[in-house]
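Asker: Please see the structure below; I have some questions.
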Amino acid sequence: MVGDSPLKNKVILAFDDKPDVLDLLEEKLDMSRVVKKKDYDDTVAYLENHHPNLVIFDIMGVNGFDLLQICAENKLPAVILTAHELTLDTLKKSIEM
């Protein structure tokens, strides 16, 4: 018997500039409440007033490193997505943050 997901009833903030990616995350994370954001400023404003259990976002092209810094400062767990190849320097920077 499979137990409940650790994400059950959690709030997950998903930020991506592609609506299809957000829809897929919402579909796959249906045990959680997924808050979808397509705009960086809207995402930052949300984080100023809310503390989601997890933040998922694209690191490239949408101020990803700035958002990762905000997550780190607020001790928010973050999962980084990217369709681009990560360089060793980019990966190292992400891990250090």
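Asker: Grab the alpha carbons of the chain, take their convex hull, and tell me the volume per residue in Å³.
Answerer: Output value, Cα hull per residue: 114 Å³.
Asker: When the dipole is taken about the Cα centre of the chain, and only Lys, Arg (+1) and Asp, Glu (-1) are charged at their Cβ, what size is it in debye, to the nearest 20?
Answerer: Here the chain has a charge dipole of around 360 debye.
Asker: So for the pair Lys93, Asn74, with labels modelled 7 Å out along Cα→Cβ, what separation do we get in nm?
Answerer: That separation, rounded to one decimal, is 2.2 nm.
Asker: For the chain, what is the mean residue ellipticity at 222 nm derived from helices alone (per DSSP H run of n ≥ 4: -39500 (n - 2.57); sum divided by total residues; nearest 500 deg cm²/dmol)?
Answerer: Numbers: 4 runs with 39 residues, N = 97.
Value at 222 nm, helices only, nearest 500: -11500 deg cm²/dmol.
Asker: Between helix 64-73 and the chain, what is the angle of the helix's C-alpha long axis to the longest principal axis, kept within 0 to 90° and rounded to the nearest 10?
Answerer: Long axis of 64-73 versus the principal axis of the chain: about 70 degrees.
Asker: Sticking with this one: Can you give the angle from 0 to 90° between the axis of helix 40-49 and the longest principal axis of the chain, with both taken from C-alpha atoms, to the nearest 10?
Answerer: Its long axis makes an angle of about 60 degrees.
Since every read-out is calculated from the coordinates, none of them should be taken as a lab result. Remember, it's a predicted structure, so these values are computed and weren't measured experimentally. We place every Cβ from the backbone using ideal geometry, glycine too, and count neighbours over all the protein chains shown.
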